[in-house]
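The values are calculated or read from the model by the stated rules, or taken from the named source; none is laboratory data. These numbers were taken from a predicted model, which means no experiment stands behind them. Heads up, the Cβs are rebuilt from the backbone with ideal geometry, glycines too, and the neighbour counts pull from every protein chain shown. Side chains included, ligands, DNA and RNA excluded: accessible areas come from the protein's heavy atoms. Shrake-Rupley method; radii C 1.70, N 1.55, O 1.52, S 1.80 Å.
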Amino acid sequence: MYCPATSAAVAAFQATRGLRSDGVCDEHTWTALVEASWKLGDRSLYLTAPNLRGDDVAELQDRLARLGFDCGRVDGILGPRTARALEDFQSNCGLFADAVCGHDTVRALVRVGSQ
């Protein structure tokens, strides 16, 4: 068990993620914590099996969608539709279109998104 402050923090996190808010760090909560730890640019993002998941993927999807590239629903899961949108973005920006979101692609997303 944790101290009351930690239990309250875990319960608050669970509530923000739509999980059962009981203050206990079960498998679902742990997975959500790991996914929440990623920020865009922390790691390369690409299509894998199982699909990469995380807040960094959601941010990528959000940025692509705001720029008009159809990646489907912003759900934090890098599936085939997100990979196609990423590849389209790279191609349109003159980047090597490999559907891998690395540092060059993140810089381009930030640059184009701020214009």
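Can you list residue pairs whose Cβ atoms sit under 7 Å apart, with the first residue in the range 84-112 being closer than 11 Å to Leu45 by Cβ and of a type in the set (Gly, Ala, Ser) and the second being part of a helix (DSSP H, G or I) and open to solvent by less than 40 Å² (accessible area, probe 1.4 Å)? Count only pairs 6 or more apart in sequence or on different chains.
Between residues of the range 84-112 that are closer than 11 Å to Leu45 by Cβ and of a type in the set (Gly, Ala, Ser) and residues that are part of a helix (DSSP H, G or I) and open to solvent by less than 40 Å² (accessible area, probe 1.4 Å), the close pairs are Ala99/Ala83; Ala99/Leu86.
Starting from the range 61-82, keep only residues that are without any contact (Cβ under 8 Å) to a residue 12 or more places away in the chain, then list their pairs with residues that are open to solvent by 50 Å² or more (accessible area, probe 1.4 Å) and of a type in the set (Asp, Glu) whose Cβ atoms are within a distance under 9 Å, requiring at least 6 positions of separation or different chains.
Pairs that qualify, where the first residue is without any contact (Cβ under 8 Å) to a residue 12 or more places away in the chain and the partner is open to solvent by 50 Å² or more (accessible area, probe 1.4 Å) and of a type in the set (Asp, Glu), are Arg81/Asp70.
Just checking, how many residues over the range 79-92 are open to solvent by 60 Å² or more (accessible area, probe 1.4 Å) and over 22 Å from Arg111 (Cα atoms)? Break it down stepwise before answering.
Step one: list which residues in the range 79-92 are open to solvent by 60 Å² or more (accessible area, probe 1.4 Å), which gives 80-81, 84, 87-88, 91-92.
Next, only the ones that are over 22 Å from Arg111 (Cα atoms) stay: 80-81.
So the count comes out to 2.
Among the residues of the range 64-78 satisfying the criterion of being open to solvent by less than 20 Å² (accessible area, probe 1.4 Å) and in a loop (DSSP other than H, G, I, E, B), which is farthest from Gly18 (Cα to Cα)? Break it down stepwise before answering.
Just the residues of the range 64-78 that are open to solvent by less than 20 Å² (accessible area, probe 1.4 Å), to begin with: 64, 71, 76, 78.
So of that shortlist, the ones also in a loop (DSSP other than H, G, I, E, B) come out as 71, 76, 78.
Values: Cys71: 23, Gly76: 14, Leu78: 20 Å.
The residue in question is Cys71.
Out of the residues in the range 79-110 that are small (Gly, Ala, Ser) and in a helix (DSSP H, G or I), state the one that is nearest to Leu64 (Cα to Cα).
Of the range 79-110, the ones small (Gly, Ala, Ser) are 79, 83, 85, 91, 94, 97, 99, 102, 108.
Still in the running and in a helix (DSSP H, G or I): 83, 85, 91, 108.
Values: Ala83: 11, Ala85: 7, Ser91: 13, Ala108: 11 Å.
Out of the qualifying residues, it is Ala85.
Taking Ala99 as the residue in question, decide whether it is in contact with a Gly (Cβ under 9 Å, 6 or more places away or on another chain), small (Gly, Ala, Ser) and crowded, with 16+ Cβ neighbours inside 10 Å.
Details: in contact with a Gly (Cβ under 9 Å, 6 or more places away or on another chain): no; small (Gly, Ala, Ser): yes; crowded, with 16+ Cβ neighbours inside 10 Å: yes.
In short, no.
Among what's in the range 16-46 and is of a type in the set (Phe, Trp, Tyr) and in a loop (DSSP other than H, G, I, E, B), pick the residue that is nearest to the chain's Cα centre (by Cα).
The qualifying residue nearest to the chain's Cα centre (by Cα) is Trp38.
Going residue by residue through the range 47-63, is there one that turns out to be open to solvent by 70 Å² or more (accessible area, probe 1.4 Å), touching a Leu at 6+ places or on another chain (Cβ under 7 Å) and not in a helix (DSSP H, G or I)? Working first, answer last.
In the first step, residues of the range 47-63 are kept if they are open to solvent by 70 Å² or more (accessible area, probe 1.4 Å); the result is 47, 49-50, 53.
This time we only want the ones that are touching a Leu at 6+ places or on another chain (Cβ under 7 Å), so: 47.
So of that shortlist, the ones also not in a helix (DSSP H, G or I) come out as 47.
Within the range 47-63 (the criterion being open to solvent by 70 Å² or more (accessible area, probe 1.4 Å), touching a Leu at 6+ places or on another chain (Cβ under 7 Å) and not in a helix (DSSP H, G or I)), the answer is yes, since at least one residue qualifies.
Just one of the numbered conditions (1) open to solvent by less than 50 Å² (accessible area, probe 1.4 Å); (2) touching a residue at least 40 places away in the same chain (Cβ under 8 Å) is not true of Ser44; which one?
(1)
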